[in-house]
Amino acid sequence: MLEIHCPYCGESRSEEEFSYAGEAHIRRPSDPAGLDDRAWGDYLHFRSNPRGAHRELWFHAAGCRRYLNVLRDTASYQISQTYRVGESPEDV
């Protein structure tokens, strides 16, 4: 089981309190109306799935009810960093 440090609450809590919300730092296209169906489908459905360091978005459902970013190794499950939405791992 993972222990996730919430940067808003300031506490490390069990992963059972959190919900995984997908890949972090996905940018919405600047002109969605200009995308064809294939490009729009790629934006909506395709995400990277790297082996190693991966930036993820989690929701603290049983705590402060805020979204947070997590830098986690997908091979070892080790969390190296958590940070607030709007920040990047380099900022903290």
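Given the condition of a type in the set (A, V, I, L, M), out of contact with any Lys or Arg (no Cβ under 8 Å at 6 or more places or on another chain) and closer than 14 Å to N69 by Cβ, answer yes or no: does some residue in region 25-43 qualify? Explain how you work it out, then say what you get.
In the first step, residues of region 25-43 are kept if they are of a type in the set (A, V, I, L, M); the result is 26, 33, 35, 39.
Adding the requirement that they be out of contact with any Lys or Arg (no Cβ under 8 Å at 6 or more places or on another chain) leaves 33, 35, 39.
Still in the running and closer than 14 Å to N69 by Cβ: none.
Within region 25-43 (the criterion being of a type in the set (A, V, I, L, M), out of contact with any Lys or Arg (no Cβ under 8 Å at 6 or more places or on another chain) and closer than 14 Å to N69 by Cβ), the answer is no, since none of the residues qualifies.
Could you tell me which residue of region 73-83 is surrounded by the fewest Cβ atoms within 10 Å (Cβ to Cβ), considering only residues that are touching a residue at least 12 places away in the same chain (Cβ under 8 Å) and in a strand (DSSP E or B)?
S80
From the set of residues in region 23-38 that are under 30 Å from T82 (Cα atoms) and surrounded by fewer than 10 Cβ atoms within 10 Å (Cβ to Cβ), which is modelled with the highest pLDDT?
Across region 23-38, the extreme among qualifying residues is S30.
Going by what's in this entry, would E87 be described as at pLDDT 95 or above, outside any strand (DSSP E or B) and exposed (fewer than 14 other Cβ atoms within 10 Å of the Cβ)?
Numbers: at pLDDT 95 or above: no; outside any strand (DSSP E or B): yes; exposed (fewer than 14 other Cβ atoms within 10 Å of the Cβ): yes.
Taking the combined requirement at face value, the residue does not satisfy it.
Of all residues in region 1-46, how many are in contact with a His (Cβ under 8 Å, 6 or more places away or on another chain) and of a type in the set (S, T, Y)?
Looking only at that region, the number is 2.
Go through region 15-34 residue by residue and tally those that are in contact with a strand residue (DSSP E or B) (Cβ under 8 Å, 6 or more places away or on another chain) and of a type in the set (S, T, Y).
Within region 15-34, residues that are in contact with a strand residue (DSSP E or B) (Cβ under 8 Å, 6 or more places away or on another chain) and of a type in the set (S, T, Y) number 2.
For L2, indicate whether it is at pLDDT below 95, surrounded by 14 or more Cβ atoms within 10 Å (Cβ to Cβ), among the aliphatic types (A, V, I, L, M) and under 17 Å from the mean Cα position of the chain (by Cα). Can you show your working first?
Numbers: at pLDDT below 95: yes; surrounded by 14 or more Cβ atoms within 10 Å (Cβ to Cβ): yes; among the aliphatic types (A, V, I, L, M): yes; under 17 Å from the mean Cα position of the chain (by Cα): yes.
So L2 fits the description; yes.
Output the residues belonging to region 8-41 that are under 13 Å from the mean Cα position of the chain (by Cα) and on the phi < 0 side of the Ramachandran plot.
F18, S19, Y20, A21, E23, A24, I26, R27
State whether one or more residues within region 45-62 are of a type in the set (S, T, Y) and surrounded by 14 or more Cβ atoms within 10 Å (Cβ to Cβ).
No, every residue in region 45-62 fails to be of a type in the set (S, T, Y) and surrounded by 14 or more Cβ atoms within 10 Å (Cβ to Cβ).
The values are calculated or read from the model by the stated rules, or taken from the named source; none is laboratory data. Predicted model, so just to flag it, every value in this text is computed and none were measured. No Cβ is skipped: glycine too gets one built from the backbone with ideal geometry, and neighbour counts run over all protein chains shown.
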